[in-house]
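Engineer: Once you've had a glance at the structure underneath, I'll fire off some questions.
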């Protein structure tokens, strides 16, 4: 045991002697190693900062691109909404104009229905009664309500039936014909068309007023339907 400890003690003494003789070198080496570790830490920190900065820059670019896309989408949506609103207003105006024309047409033909028709051939060609655009604007009326669309369609149907009745009157050949006879009775259909058109116009005007637009009416007021002998 004593024999084994002597070499170890001798080695320790030699190492201690070497460290004492080379103390400055050892300290320098330790300083160099510490400097290298410090330098590695600085380089790692700088690299981390650069990478982080790049990540943040890319994130900012991505966010800005997303915001630009969102702004573009919102602008497109606003444009589409504006166009849709302009189309809706234009359709309302067109619908109101067609209804006004049909009302004028019904009033005009009401004047061709006297109590007694001495000469049915004197009645003008009734084909113009159906020369209206009521069916063309049904889709516009549908955008307001199903009831408004039904009124427009019913008015067109009534005017078409009135035309058929006027044609029967024109074909009458057996002397004076009462307007209440079976030869042709356009008056009930003209009245039905007029009433439907008046109701449709009231609905359209109410819808237009809700948008703050001025309403221009033509002909007599809704409550002042033409009277006939």
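Engineer: Checking residue 107 against (1) within 15 Å of residue 159 (Cα to Cα); (2) in contact (Cβ under 8 Å) with a residue 60 or more places away in the chain; (3) in contact with a helix residue (DSSP H, G or I) (Cβ under 7 Å, 6 or more places away or on another chain), which single condition isn't satisfied?
Structural biologist: (3)
Engineer: Condition first: surrounded by fewer than 10 Cβ atoms within 10 Å (Cβ to Cβ) and farther than 30 Å from residue 136 by Cα. Can you find one or more residues in the stretch 22-34 that meet it?
Structural biologist: Just the residues of the stretch 22-34 that are surrounded by fewer than 10 Cβ atoms within 10 Å (Cβ to Cβ), to begin with: 24.
With farther than 30 Å from residue 136 by Cα added as a condition, the list becomes 24.
The answer is yes; a qualifying residue exists.
Engineer: Let me ask something additional. Condition (residue is part of a helix (DSSP H, G or I), assigned by TED's automatic domain parsing to the domain that holds residue 98, modelled with pLDDT of 85 or more and under 16 Å from residue 108 (Cα atoms)) applied to the stretch 144-157: is it met by at least one residue? Spell out how you get there, then give the answer.
Structural biologist: Here is the first cut: in the stretch 144-157, the residues part of a helix (DSSP H, G or I) are 144, 146-157.
Going one step further and asking which of them are assigned by TED's automatic domain parsing to the domain that holds residue 98, we end up with 144, 146-157.
Next cut, modelled with pLDDT of 85 or more only: 144, 146-157.
Restricting the remaining residues to those that are under 16 Å from residue 108 (Cα atoms) gives 155-156.
Looking through the stretch 144-157, at least one residue is part of a helix (DSSP H, G or I), assigned by TED's automatic domain parsing to the domain that holds residue 98, modelled with pLDDT of 85 or more and under 16 Å from residue 108 (Cα atoms).
The values are calculated or read from the model by the stated rules, or taken from the named source; none is laboratory data. Just so we're clear, the structure is a prediction, and the values are computed from it rather than from any experiment. Note: ideal-geometry Cβ built from the backbone for every residue, glycine included; neighbour counts use all protein chains shown.
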